[in-house]
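To keep things clear, I will list the structure first and then write my remarks on it.
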Amino acid sequence: MKFKTLLFAVILFLPSVSYSQEGSEYLPDIDGVLKTKAEYDLDNMMLRFEVRNARFGARGRINGYFSYRAELDLSDEGRIKMLDAYVRFEPVSRLSFFMGQRKIPFSTDYMRNPAENIFANRSFLAKYINDGMRDIGFYVNYRTAGAFPVDMTLGAVNGTGNNNPQWIEKPNLAARVTAGRDDGFRIAGNAYMGEAINKIHLRMYGAEARYTAGNLFLETEYVYRGWSDTSSVRRHDDGWYIHGYYNFEVKNEMLRLISPTARYDKMGGSIFGGNTEADRLTLGVNFGFEPKQFTAEIRVNYENYFRKSLPIHTDKLTLEFIAKF
């Protein structure tokens, strides 16, 4: 498996060598994210250093109708993974068809790349509720124009997970609708249903709201997940977060942005029914060294847990370096 992934990495970057010699229009754009951090466990007085992500990818356009994306992570929590690998066909403006592997379009926070996660550690929704929702499938996306655009995506996937093309009787189905612009007020709704490992009759629903005004960013999201286990026992869990930041622009040759951040998130069997397994408050400051946010940053985070369900849920101090290229 590791050999195949490394072979994929070689194939991924070969075009940048061969096509650059020919000056071809097929020359891909190479991008990547490096995310490294140091964490201090305040409960157990322990320290660790980690390379959380080392992503490299390529995207490009064949002609006016076909484009592509390929990406891998050399260190996704210490493992090598093939991530995005799809072809996009856009026959007319604002209508696109995708075939291949990508994150299932469900939850804005889950779909963010590591550099854009805002915090050093992901939300409970992204880490637990939506984890593993990268799959191989087919998607249709349509975007309207106007002052209040609507973006709609429908998809069918194997439901077998990352880079796992097993035969299936019927695909899992996904749907996502967003309404609004990136600046101002935006809402979104998500749905996903089908089967998963040890989960029968899986149903997931999510709702989101975002507001941006100048340098202010506020966002909240709720996700419900229900399923039957292998003993046909009906189970469910859910999660919610609210987070935000404010960008203070700095007129300095080195430092460009100072962004105080705050997040409160929780998860459990029923967070609004009194069954919360874990909740925490995260406070931080992001220091940006490029005018474009989430490009070159140093982040300092403090996490305080009020309830904890796992041994890894400990109060932490985190120092993180981010480089996106």
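Rule-based calculations on the coordinates, nothing more; no lab input. Quick caveat, the model's predicted, so the values are computed rather than measured. Backbone-built Cβ (ideal geometry, glycine too); neighbour counts: all protein chains shown.
Expected output is a single nm value to one decimal: the length gained when fully extending between Met152 and Val51, i.e. 0.36 nm times separation in residues minus the C-alpha distance. What is it?
32.8 nm
Based on a Kirkwood Rh over C-alpha pairs, give the Stokes-Einstein translational diffusion coefficient of segment 2-324 at 37 °C and viscosity 0.692 mPa s in µm²/s.
Diffusion coefficient, whole number: 154 µm²/s.
Taking K and R as +1 and D and E as -1, what net charge do the other residues with C-beta under 13 Å from the C-beta of Phe106 add up to?
Within the 13 Å Cβ shell, the charges total +2.
Compute the FRET efficiency between Ala209 and Ala38 as 1/(1 + (r/R0)^6), taking r as their Cβ-Cβ distance and R0 = 22 Å, and round to the nearest 0.05.
The value I calculate is 0.05.
Take the chain, connect every pair of alpha-carbon atoms lying under 10 Å apart with a spring to form a Gaussian network, then pick out the residue of Glu297, Glu253, Glu221 with the largest mean-square fluctuation.
Evaluated over the chain, the most mobile residue of the options is Glu253.
In segment 185-221, which residues have a backbone nitrogen under 11 Å from the label point lying 7 Å from Gln166's Cα in the Cα-to-Cβ direction?
195-199, by backbone N distance to the label point.
Using a basic spin-label model with each label point 7 Å from the Cα along Cα→Cβ, how many nm lie between Asp315 and Arg59?
The modelled label-to-label distance comes out at 4.1 nm.
Could you pull out the chymotrypsin sites (Phe, Trp or Tyr not before Pro) across segment 18-111 that fall in loop regions by DSSP (anything but H, G, I, E, B) with no more than 14 other Cβ atoms inside 10 Å?
Tyr26, Tyr65
Calculated from DSSP H runs of 4 or more alone, at -39500 (n - 2.57) each and per residue, what is the 222 nm mean residue ellipticity of the chain, nearest 500? Intermediate values should be presented prior to the final figure.
Numbers: 2 runs with 25 residues, N = 325.
When only DSSP H runs of four or more count, the value is -2500 deg cm²/dmol.
Please check: in the Gaussian network model of the chain (C-alpha springs, under 10 Å), which one of Met46, Met152, Met204 has the largest mean-square fluctuation.
Met46
Going toward the positive end of the dipole of segment 2-324, with +1 on Lys and Arg Cβ and -1 on Asp and Glu Cβ, which of Ala213, Asn172, Asn247 do you reach last?
Asn172
Rounded to whole Å, give me the distance from the Cα center of segment 243-285 to that of segment 291-325.
Between the Cα centres of segment 243-285 and segment 291-325 lies a distance of 9 Å.
Starting from the 7 Å offset along Cα-to-Cβ, what nm value, one decimal, do you get for the label separation of Glu77 and Tyr264?
2.7 nm
About the Cα centre of the chain, what is the dipole size in debye to 20, counting +1 per Lys and Arg Cβ and -1 per Asp and Glu Cβ, all else neutral?
Here the chain has a charge dipole of around 420 debye.
For Thr144, put the label point 7 Å out on the Cα→Cβ axis and report which residues of segment 94-132 keep their amide N under 20 Å from it.
94-97
Can you bin every Cα-Cα distance in segment 121-181 into 10 Å intervals starting at zero and give me the percent of pairs per bin, rounded to whole numbers?
Bin by bin from 0 Å, the calculated values are 20, 35, 33, 11, 1.
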